[in-house]
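The values are calculated or read from the model by the stated rules, or taken from the named source; none is laboratory data. If you're wondering where the values come from, they're calculated on a predicted model, not measured in any experiment. Counting neighbours? That spans all protein chains shown, and the Cβs are built from the backbone with ideal geometry, glycine included. Each accessible area value is taken on the protein alone, full model and side chains, heavy atoms only, with ligands, DNA and RNA left out. Shrake-Rupley method; radii C 1.70, N 1.55, O 1.52, S 1.80 Å.
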Amino acid sequence: MDKVVREMRIIAGECKGRHIKPVPGMSTRPTTDKVRESIYNMIGPFFDGGQALDLYGGSGALGIEALSRGMSKCIFVDRDSKAIETIKWNLEQTKFTGSAEVFRNDSKRALKALNKREMTFSLVLLDPPYHKEQILYDLEKLCTFELLEDNATVVVEHKKEVTLPESVSELQMTRQETYSGKTTISIYTYEQPAVEKED
């Protein structure tokens, strides 16, 4: 059984050192501070604005870290009511409530809703329950729903045993690292498909 994370903190940026809390119980699997720091060292470490999507919010730590490091806005999604309450509490503690939207929904419905709103993101954070099929579905829908800006980054946290393809639609894997022998981080970059010119 994984060690229960009792306390977390924001690693860097505007809210560096600020403590946030994990979701009560064992329904979510929080990303450790060490892994979170490694993720942002790979993709940042800081941002000059942009909009992020934390599709499996949990405690909201990944998305709040993005806001602390310069993202302008983050959309948080989770289907668990305890997670939603925790995300809102952590946003209040870090004073990022005005830079966030929080929705209780499953990922499939959330992606459809974001598509209807014609939203786009420069950073997407995927830390789903460890199911390869769900990861591939999410990656494909991010592309088909045109939810990604050109050169957007998609971060996927998954079990080491899960093998993801080098490319999914217009997403290309650009980096992959494994931590503690069991958690793998796969980084994808999105390239918008070329628009064919009319004769």
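With respect to the conditions (1) modelled with pLDDT under 95; (2) within 15 Å of the chain's Cα centre (by Cα), Thr120 falls short on a single one, namely (1). Does at least one position in the stretch 146-160 carry a residue that is open to solvent by less than 40 Å² (accessible area, probe 1.4 Å), within 15 Å of Val124 (Cα to Cα) and hydroxyl-bearing (Ser, Thr, Tyr)? Yes, the stretch 146-160 contains a residue that is open to solvent by less than 40 Å² (accessible area, probe 1.4 Å), within 15 Å of Val124 (Cα to Cα) and hydroxyl-bearing (Ser, Thr, Tyr).
Annotation: of all residues in the stretch 122-140 being outside any helix (DSSP H, G or I) and open to solvent by 50 Å² or more (accessible area, probe 1.4 Å), the one that is farthest from Cys15 (Cα to Cα) is His131. Just one of the numbered conditions (1) modelled with pLDDT of 95 or more; (2) open to solvent by less than 60 Å² (accessible area, probe 1.4 Å); (3) among the polar types (S, T, N, Q) is not true of Thr183: (1). Pairs are defined by a Cβ separation below 8 Å, a sequence spacing of at least 6 or placement on different chains, a first member in the stretch 86-111 that is in contact (Cβ under 8 Å) with a residue 40 or more places away in the chain, and a second member that is of a type in the set (S, T, N, Q) and in a helix (DSSP H, G or I); the pairs so defined are Thr94/Ser68; Phe96/Ser68; Ser107/Gln134.
Look at (1) among the acidic types (Asp, Glu); (2) without any contact (Cβ under 8 Å) to a residue 24 or more places away in the chain; (3) closer than 18 Å to Asp33 by Cα and you find that Asp127 fails only one, number (2).
Look through Leu164, Leu111 and report the one residue that is out of contact with any Asp or Glu (no Cβ under 6 Å at 6 or more places or on another chain) and either open to solvent by less than 10 Å² (accessible area, probe 1.4 Å) or basic (Lys, Arg) (or both). Unique residue meeting the criteria: Leu111.
Entry remark, the stretch 45-67: residues being touching a helix residue (DSSP H, G or I) at 6+ places or on another chain (Cβ under 8 Å) and surrounded by fewer than 21 Cβ atoms within 10 Å (Cβ to Cβ) number 1 in total. Checked against (1) in a strand (DSSP E or B); (2) touching a Leu at 6+ places or on another chain (Cβ under 8 Å); (3) surrounded by fewer than 21 Cβ atoms within 10 Å (Cβ to Cβ), Met119 meets all criteria but (1). Looking at Ser59, Ser72, Ser81, which is the one that is touching a strand residue (DSSP E or B) at 6+ places or on another chain (Cβ under 8 Å), under 19 Å from Ala152 (Cα atoms), polar (S, T, N, Q) and free of Cβ contacts under 8 Å to residues at least 60 places away in the same chain? That would be Ser72, the only listed residue that is touching a strand residue (DSSP E or B) at 6+ places or on another chain (Cβ under 8 Å), under 19 Å from Ala152 (Cα atoms), polar (S, T, N, Q) and free of Cβ contacts under 8 Å to residues at least 60 places away in the same chain.
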